[in-house]
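Written below as structure tokens is the structure these notes are about.
What follows draws every value from the coordinates through simple rules; no lab data is involved. Here the structure is a predicted model, which is why all the values come from computation and not from measurement. Cβ sites come from the backbone with ideal geometry, for glycine too, and all protein chains shown count toward neighbours.
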Amino acid sequence: MKPMQHSFRRFLEKITSKKAPGPSPVFSIFHVLSALELISEKAIGRSKLTEELGVGEGTVRTMIQRLKDAEIITTSKRGCTLTSKGQRLRKEYTTIFTKKVQIGKSELTLADYNFAVLVKNQGHKIKSGIEQRDAAIMIGAKGATTIIFKEGHLVIPSVSNDIAEDFPEAANQIIRFLKPEENDAIIIGSASDSMKAEYGALAAAWTILDDSD
């Protein structure tokens, strides 16, 4: 999975990077990921993307142009659709981030809105969870809780060696909705609204896709 992770990450970071001499884009990788998900479901127009992503129309226009330039999407009167290259990118994304779901409040959540992402087979990269928490906060979430499925147990580094025993309500939600397997990482982003919670979880999960094994 390592080469795919790296090419996937570099490709999306290139799309969202500053291109001289123009200004830096005001959309993030996580806006692009959300856009790809929406476009993969059905053809979607610019105004609907603007509404769903919570950014300005000019920002969406720039994003669409960059995705077109990268041959990820095509546009028509029906709206934006994924190209075969875009479909491959979407498949890579869902191979790494295999499950995403909004979850209810529990002993482990930090705000009213909470969104969980399962990152497949990446639990060994988690250290203290602080890096994931900080990434979520930087994008506007209240924070993030980082969990590993290790030796048959849900574990929070330095907090709990068995969430099922210490936080049974939270453990039940995680198992029911995400069905983690050995060495999976689960990130729960919490925020004051559902969009910030989702972007916070994605930002935290993104930190796991580094250059180490």
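Ranked by the mean number of other Cβ atoms within 10 Å of their residues, highest first, the peptides 87-95, 148-156 fall in the order 148-156, 87-95.
On a 28 Å Cα-Cα criterion, which of the cross-link pairs 42/100; 68/125; 48/100; 85/150 come out too long? From the list (42/100; 68/125; 48/100; 85/150), the Cα-Cα distance tops 28 Å for 68/125; 85/150. Here the alpha carbons of the chain define both size measures, Rg and Dmax, at 17.4, 55 Å.
Backbone geometry of the range 174-183 corresponds, through the Karplus equation with coefficients 6.51, -1.76 and 1.60 at θ = phi - 60°, to 3J(HN,Hα) couplings of 4, 5, 5, 8, 10, 6, x, 10, 3, 6 Hz, x marking Gly and Pro.
Tell me the mean residue ellipticity at 222 nm calculated for the chain from its helices only (DSSP H runs of n ≥ 4, each -39500 (n - 2.57), averaged over every residue, nearest 500). Intermediate values should be presented prior to the final figure.
Details: 9 runs with 98 residues, N = 213.
Result for the chain, helices only: -14000 deg cm²/dmol.
If a/c stays under 1.5 just call it rounded; otherwise compare a/b with b/c (prolate if a/b is bigger, oblate if not). Do that for the range 57-178, with a ≥ b ≥ c from the square roots of the Cα gyration tensor eigenvalues.
On the way: a/c = 2.49, a/b = 2.10, b/c = 1.19.
Since a/c reaches 1.5 and a/b is larger than b/c, the shape of the range 57-178 is classed as prolate.
Applying the Karplus relation 6.51 cos²θ - 1.76 cosθ + 1.60 with θ = phi - 60° to the range 184-195 yields 3J(HN,Hα) values of 6, 10, 10, 10, 10, x, 10, 7, 7, 8, 5, 5 Hz, where x marks Gly and Pro. In this structure the amide hydrogen of residue 154, modeled in the peptide plane, comes within under 5 Å of the amide hydrogens of 163, 164, none closer than 5 places in sequence on its chain.
So what's the angle, to the nearest 10 degrees on a 0 to 90 scale, between helix 84-96 and the longest Cα principal axis of the chain? Approximately 10 degrees, to the nearest ten. For residue 91, the aspartates and glutamates whose Cα falls under 16 Å of its own Cα, not counting residues fewer than eight places away in the same chain, are 37, 41, 71. Based on every Cα atom in the range 106-213, Rg and the maximum pairwise Cα distance Dmax equal 12.4, 35 Å.
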